[in-house]
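A short write-up of the structure that comes next.
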Amino acid sequence: MPSSGRVVFSRMDEVVFGKPAAEAVSELVSRHGAQRVFLMASGTLDRETDEVEKLRKALGNKCVGTFASMPAHSPRSAVIAAAEQAREARTDLIVTLGGGSITDGAKAVQLCLANDIRTPADMDRIRGQTDVKPPTVRQISIPTTLSAGEFSAIAGVTNEETKVKEIFRHPLTIPQAVVLDPEVTRHTPMWLLLSTGIRAVDHCVEGVCSNESTEYSNASSLHGLSLLARGLPRVKADPSDMAARLDCQTGSWLSMAGIAAGVPMGASHGIGYVLGAVFDVPHGHTSCIMLPSVMRWNKPANADRQALIATAMGHPGKDAGDVLDQFIRGLDMPRSLSDVKIGREHFDRIANQAMGTPWVPRNPRPIPGPAQVREILELAA
């Protein structure tokens, strides 16, 4: 662990937890003085539940539109469509209700509005840049999954032309506020809730195992991991257990302290970016598949850190890769690339593309080239 460094705090103002989402959002909107609120919501929630309608009613005539057609992995074309609708509505605040793709899509919409981006190709002007015009329309997020992207200022957006998930960022794209309401997660399919819970586990694990972690980030990550390790099996056993759902939401919030403070992730996240963008594997599933194999490959470099992981998950003295493997299997999640129909014929492409992600070059055990990524893929085959 570095003996010197800095911890960067995000531009998020507050997290409201355990209160009904519509009530919390109404109070937040009033407090922030917003008058023209644009909803970005899950299409399924909009069509099949009354959760979006509850928000519309709570907002009353302040609600100026709803965008409910964001596909998985936030493609550029959908971001531009949402930005155009928000621009026409003269939006002064975005409220999101849904999973990571909607949250990330809205972050990218903020940048498109601020920088007058009007076509998918035009997004090249702000891709990967930090000196872009800052968002003036901020975001409040109500997550329905556990992948925790609402706690970062990074948006992953898929370029449909290249099938690459690209990074868009600015410190102000992080939501101004997050509302953690376990009731809204009742509608989330169990496979999606549990797999995104493993995504949050992945944040905790790769955060602790990073060579750049800090005492601050480790404290958050290890406690978040223990909440997730207890909470996810309880939710699976009893879907009506709202206390367990809130434990999982709190664990996912804590899982992001490291990322928000500048601690880099490792190969599980990096390879997962490629599996998501190229093969459309849900991000929760990429963590289920890759994390135990990455841990086993990394163990020669950080066995001491991995011991902390096993202890936080309630299995002191056990191999962390094995503990994670058994935990993920116990939730009935996929555990291999073959489970999601990805064969060895794709390994070269995955390995080459993973080297271009922000995380693989900062994996705790050095990965100098695609050959080492292939070794990890073989473990996960």
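The values are calculated or read from the model by the stated rules, or taken from the named source; none is laboratory data. It should be emphasised that the depicted structure is a prediction, and the values quoted were computed from it without experimental measurement. Note that we place each Cβ from the backbone using ideal geometry, even for glycine, and neighbour counts take in every protein chain shown.
What the table below lists for this structure:
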{"read-out": "Test: Gly207 is under 16 Å from the mean Cα position of the chain (by Cα), more than 19 Å from Asp241 (Cβ to Cβ), in a helix (DSSP H, G or I) and assigned by TED's automatic domain parsing to the domain that holds Leu324", "value": "yes"}
{"read-out": "Members of the range 74-99 that are in contact (Cβ under 8 Å) with a residue 60 or more places away in the chain and touching a Lys or Arg at 6+ places or on another chain (Cβ under 8 Å)", "value": "Leu93"}
{"read-out": "Answer residue from the range 128-152, given it is surrounded by fewer than 18 Cβ atoms within 10 Å (Cβ to Cβ) and out of contact with any Leu (no Cβ under 7 Å at 6 or more places or on another chain) and is modelled with the lowest pLDDT among those", "value": "Thr130"}
{"read-out": "When residues of the range 177-200 are limited to those that are part of a helix (DSSP H, G or I) and of a type in the set (Val, Ile, Thr), the one farthest from Ser268 (Cα to Cα)", "value": "Val184"}
{"read-out": "Residue within the range 122-141 that is in a loop (DSSP other than H, G, I, E, B), in contact (Cβ under 8 Å) with a residue 24 or more places away in the chain and under 18 Å from Ser255 (Cα atoms) present", "value": "no"}
{"read-out": "Filter result for Thr250 (surrounded by fewer than 24 Cβ atoms within 10 Å (Cβ to Cβ), assigned to a helix (DSSP H, G or I) and of a type outside the set (D, E, K, R))", "value": "yes"}
{"read-out": "Any hit, the range 61-71, residues being assigned to a helix (DSSP H, G or I), more than 24 Å from the chain's Cα centre (by Cα), under 23 Å from Glu14 (Cβ atoms) and not acidic (Asp, Glu)", "value": "yes"}
{"read-out": "Residue identified as in contact with a strand residue (DSSP E or B) (Cβ under 6 Å, 6 or more places away or on another chain), within 30 Å of Arg127 (Cβ to Cβ) and surrounded by 14 or more Cβ atoms within 10 Å (Cβ to Cβ) among Phe17, Phe67", "value": "Phe67"}
